[in-house]
């Protein structure tokens, strides 16, 4: 599609829908897909993708914080359960009740305060119980020690346990043995809770790597996040045949083309020096847009179907690429920064990070354009 303006993140909704159907096809009867749309749907724009997810039959969502849940309500998710996966500070619990969100509970004192707020509002507040099986962020311990505090939560008159979950720490490493131990601890603790009279309607454990590699962890629901958006969370050899495609494409345009003689330093600090007569294309995107400065003198873009190496340091708002070997490049030519070939996995490997950071880093001043 023609680019209007200096840059855009193009979100391919047909690809998103295909990814959702791919994941749904893996599930047996009675296993629900909870779409994780935290961090503004991993940078894709939760409001922009919500209608596609709903059209695909997704009826439950997960975010990190109440503000994200409130934004999803405003985007049209009026009745669907929205789980808050992270901690909710005590001062924000009233907002949870107000927006009909489902917080994660891992502390009896927090549950008591939530119970009191629900009583004042005249509602029964759903909650999710978090069990810590090895991630060691938040959660009741996945052990017999969880039984008594969770029983106390279950006994609160204005709270209703909607489910219990864990988050695998190493599901992307299938040979390490961690996921088998974590899943067993989770199921054993859930069974102990049920024997103690705690009603837990649904159990869920599978994150994105769990969705790809651990079907035995599907239970009553799964919580895919980055895989929905075609972001690879596992080794490439385990990913390439999964049938999932990257949803986001990031494009810009050439703002200027110039020719420099040999021996000319380029950019801040002169970290690149031309070795020959060189044609440079300036691209009006920089690290303030989320295009990492770590790609300086290392990354590449695509112009007129061919790769052009980035030269010099990436600036806040611009960078330069060497187009000497690409005939005819001119002002206005489209520049591809990220797509299925220049993908998030490649960029993450280059930068020593993960695919989620790549997608989430695409800044707010980069417009999201939704297309089918």
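Inclusion of residue 105 among residues that are assigned by TED's automatic domain parsing to the domain that holds residue 70 and under 30 Å from residue 354 (Cβ atoms) is warranted. Look at (1) crowded, with 16+ Cβ neighbours inside 10 Å; (2) assigned to a helix (DSSP H, G or I); (3) touching a strand residue (DSSP E or B) at 6+ places or on another chain (Cβ under 9 Å) and you find that residue 14 fails only one, number (1).
Looking across the stretch 41-51, the residues that are out of contact with any strand residue (DSSP E or B) (no Cβ under 6 Å at 6 or more places or on another chain) and crowded, with 19+ Cβ neighbours inside 10 Å come down to 41, 42, 43, 46, 49, 50. Residue 263 satisfies every condition listed in (1) touching a strand residue (DSSP E or B) at 6+ places or on another chain (Cβ under 7 Å); (2) assigned to a loop (DSSP other than H, G, I, E, B); (3) farther than 23 Å from residue 358 by Cα; (4) touching a residue at least 40 places away in the same chain (Cβ under 8 Å) except (4). Only one residue in 225, 210 is on the phi < 0 side of the Ramachandran plot, at pLDDT 95 or above, more than 12 Å from the chain's Cα centre (by Cα) and buried (at least 21 other Cβ atoms within 10 Å of the Cβ), so which one is that? Checking each option against the conditions leaves just 210. Looking only at residues in the stretch 298-325 that are assigned to a loop (DSSP other than H, G, I, E, B) and without any contact (Cβ under 8 Å) to a residue 24 or more places away in the chain, which one is surrounded by the fewest Cβ atoms within 10 Å (Cβ to Cβ)? Result: 305. Restricting attention to the stretch 155-196, the residues that are farther than 16 Å from residue 211 by Cβ and free of Cβ contacts under 8 Å to residues at least 12 places away in the same chain add up to 9. Which one is nearest to residue 140 (Cα to Cα), of the residues in the stretch 180-200 that are part of a helix (DSSP H, G or I) and in contact with a helix residue (DSSP H, G or I) (Cβ under 7 Å, 6 or more places away or on another chain)? The extreme case among them is 189.
When the stretch 348-360 is limited to residues that are crowded, with 17+ Cβ neighbours inside 10 Å and in contact (Cβ under 8 Å) with a residue 24 or more places away in the chain, the one that is farthest from residue 226 (Cα to Cα) turns out to be 351. Any residue at all in the stretch 55-69 that is part of a helix (DSSP H, G or I), surrounded by fewer than 18 Cβ atoms within 10 Å (Cβ to Cβ) and over 18 Å from the mean Cα position of the chain (by Cα)? Looking through the stretch 55-69, at least one residue is part of a helix (DSSP H, G or I), surrounded by fewer than 18 Cβ atoms within 10 Å (Cβ to Cβ) and over 18 Å from the mean Cα position of the chain (by Cα).
The values are calculated or read from the model by the stated rules, or taken from the named source; none is laboratory data. The structure presented is a predicted model; accordingly, all values stated were derived computationally and were not measured. Neighbour counts run over all protein chains shown; Cβ positions are idealised from the backbone, glycine included.
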